[in-house]
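First the structure, in the form of structure tokens, and then the observations on it.
The values are calculated or read from the model by the stated rules, or taken from the named source; none is laboratory data. Treat the numbers as computed from the prediction; the structure is a model and nothing was measured. A quick note on method: Cβ atoms are made from the backbone with ideal geometry, for glycine too, and the neighbour counts reach across all protein chains shown.
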Amino acid sequence: MLSIEIREQAAGVAEAIQAAPESQRYIEAQSEYSGDPELIDLRNRYTDLIQDFQRKQTDGSYTQQDIDAVREVQMQVNGHRITQAVIGAQTELQDLLQACNQKMTAVLGMNFAQIARSASASSCGCGGSCDC
């Protein structure tokens with residue numbers, strides 16, 4: 001019975017987080033990031049420049065001009081208003097998740113973020129309890 005209650009409460013928390021304005025802003029920003037033609041073009045140019053640079057780096061033929069070209073497009077991608085919106089929305093969402101974790105930790109006495117990190121670090125996902 002308690003397990004069902006815990007699952008229902010956890011589902012409620014997840015739904016509340018998904019419905020939060022911070023989550024919605026992040027989803028919208030990611031969607032815009034993925035669909036903006038100008039940004040898609042910039043990211044494709046960046047990928048092409050990186051691949052070309054890596055080829056030249058392997059054979060030793062890269063120049064300062066190659067480095068400058070990569071940096072220029074990287075700055076354009078990173079400085080784009082949509083990229084900045086994604087970064088801002090991601091920061092807001094992380095702040096919300098940290099606040100939720102702090103509240104749950106205070107009420108229940110267990111740090112969910114720390115437990116999740118430990119579980120993902122072990123090879124089987126058990127959090128190390130099986131000594132794998």
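Among (1) part of a helix (DSSP H, G or I); (2) within 30 Å of ALA11 (Cβ to Cβ), where does GLU72 come up short?
Condition not satisfied by GLU72: (2).
Tell me, please, whether a residue that is in contact with a His (Cβ under 9 Å, 6 or more places away or on another chain) and within 29 Å of LEU97 (Cα to Cα) can be found in segment 5-26.
Within segment 5-26, not a single residue is in contact with a His (Cβ under 9 Å, 6 or more places away or on another chain) and within 29 Å of LEU97 (Cα to Cα).
Restricting the search to segment 31-55, which residues are basic (Lys, Arg) and either within 15 Å of GLU72 (Cβ to Cβ) or not in a helix (DSSP H, G or I) (or both)?
Answer for segment 31-55, where residues must be basic (Lys, Arg) and either within 15 Å of GLU72 (Cβ to Cβ) or not in a helix (DSSP H, G or I) (or both): ARG43, ARG45.
Of the residues VAL77, VAL86, which single one is part of a helix (DSSP H, G or I) and over 15 Å from the mean Cα position of the chain (by Cα)?
So the residue among VAL77, VAL86 that is part of a helix (DSSP H, G or I) and over 15 Å from the mean Cα position of the chain (by Cα) is VAL77.
Just give me the residues in segment 1-30 being of a type in the set (Lys, Arg) and either closer than 15 Å to VAL73 by Cβ or crowded, with 16+ Cβ neighbours inside 10 Å (or both), in sequence order.
Scanning segment 1-30 gives a single hit, ARG25.
Quick one: is GLN57 surrounded by 11 or more Cβ atoms within 10 Å (Cβ to Cβ), out of contact with any Ser or Thr (no Cβ under 9 Å at 6 or more places or on another chain) and farther than 30 Å from ALA99 by Cβ?
yes
Taking the residues in segment 103-125 that are in contact with a helix residue (DSSP H, G or I) (Cβ under 7 Å, 6 or more places away or on another chain) and not in a helix (DSSP H, G or I) as candidates, determine which candidate is modelled with the lowest pLDDT.
GLY125
So is THR63 hydroxyl-bearing (Ser, Thr, Tyr), at pLDDT 95 or above and under 21 Å from the mean Cα position of the chain (by Cα) or not?
No; evaluated as a whole, the condition is false for this residue.
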